[in-house]
1. Only counting other Cβ atoms within 10 Å, I'd like VAL15, VAL171, VAL129 sorted with the fewest neighbours first.
2. Calculate the FRET efficiency for ASP224 and VAL146 from the Cβ-Cβ distance with a Förster distance of 45 Å, rounded to the nearest 0.05.
3. Which FRET efficiency value, to the nearest 0.05, do you get for LEU72 and THR125 by plugging their Cβ-Cβ distance into 1/(1 + (r/R0)^6) with R0 = 41 Å?
4. May I ask you to derive the FRET efficiency for TYR174 and GLN44 from their Cβ-Cβ distance with R0 = 45 Å, giving the value to the nearest 0.05?
5. Assign one of three labels to the range 157-228, namely rounded, prolate or oblate, based on the Cα gyration tensor with a ≥ b ≥ c the square roots of its eigenvalues; rounded applies when a/c is under 1.5, prolate when it is not and a/b is larger than b/c, and oblate otherwise.
6. Residue separation times 0.36 nm, minus the C-alpha to C-alpha distance between GLU8 and MET212: what's the value?
7. Would you mind putting 184-190, 164-170, 36-42 in packing order, based on average other-beta-carbon counts within 10 Å, highest first?
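We did not get these values from a lab; they are worked out from the coordinates using the rules stated. Remember, predicted model here, so these are calculated numbers, not experimental data. Neighbour counts run over all protein chains shown; Cβ positions are idealised from the backbone, glycine included.
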Amino acid sequence: MHWYYIAEGRAHGPVDSGQLLALTDGAIVRPETRVWRQGMSDWQPLKASETVQITLRTCSRCHHRRPDSEMLTYCNQAICGACKNAFLQCVRDGVSLATPPIYAGFTIRVLAWFVDAVTLLTFTTPLLVLLEGLAPTQGGLALVIVSWMAIALAGGILTAAIQMLYETWFVGRYGATPGKMACGLKIVRPDGSLLTFRRAFARYWGKVLTGMTMGIGFLLITIDSQCRSMHDFICDTRVVHNE
């Protein structure tokens, strides 16, 4: 059954009954919105029309609402079609799915970042000391300045490369950096699955972009219901406590 509806002064459609109710859930279509389908004599408010009764349910993994007929039910959890394959893989792997995830807040994530920063310093400090040892102690002032600038640039590039490899490898391989492991955290997709190396790499650069917001992107953790920072929004990830 195909429906048409009037929004912003013009007609839209066709949409089926499930899509129409989904638009209602998103406040695009309201009870007073005028709708029409074949067989009706004229446009009439949605609340007065005889729609097909379709129940919308919220997916426990991605939190999107879908018609009940499209959902898989497992242990009282509703799983949409988009999350079904990853969910069933978690079931086959023996991952516990009985309880919803507990999202990691701002304080615990700062602590995890601090542990990672200390861990990285143990790798980068000796290398930077070795680079400094290459600086000339004799020669003209211009040579000394240029040499130190080159060493500083090389040190910055080396540090950034180590940070990128550190985060990409640990997140892609284990689902968490050592700092997050120490704090009992992991990084997951909305369906609970771990990140691929490609997404872990993208998340690192998303984190770099977040750092360019002067901390505002990180403060989103304090106001978002799922404690997502800007790079979590960019890469569609969540940081949760291990069960």
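1. On the way: VAL15 18, VAL171 24, VAL129 10.
Ranking VAL15, VAL171, VAL129 by Cβ neighbours within 10 Å, fewest first, gives VAL129, VAL15, VAL171.
2. Details: r = 47 Å, r/R0 = 1.04.
Given R0 = 45 Å and the Cβ-Cβ separation, E is 0.45.
3. Numbers: r = 51 Å, r/R0 = 1.24.
The formula returns an efficiency of 0.20 here.
4. On the way: r = 57 Å, r/R0 = 1.27.
That pair, TYR174 with GLN44, gives E of 0.20.
5. oblate
6. Details: separation 204, 0.36 × 204 = 73.44 nm, distance 3.79 nm.
Computed gain between GLU8 and MET212 is 69.6 nm.
7. Details: 184-190: 20.0, 164-170: 17.4, 36-42: 10.9.
Most protected by this proxy first, the peptides run 184-190, 164-170, 36-42.
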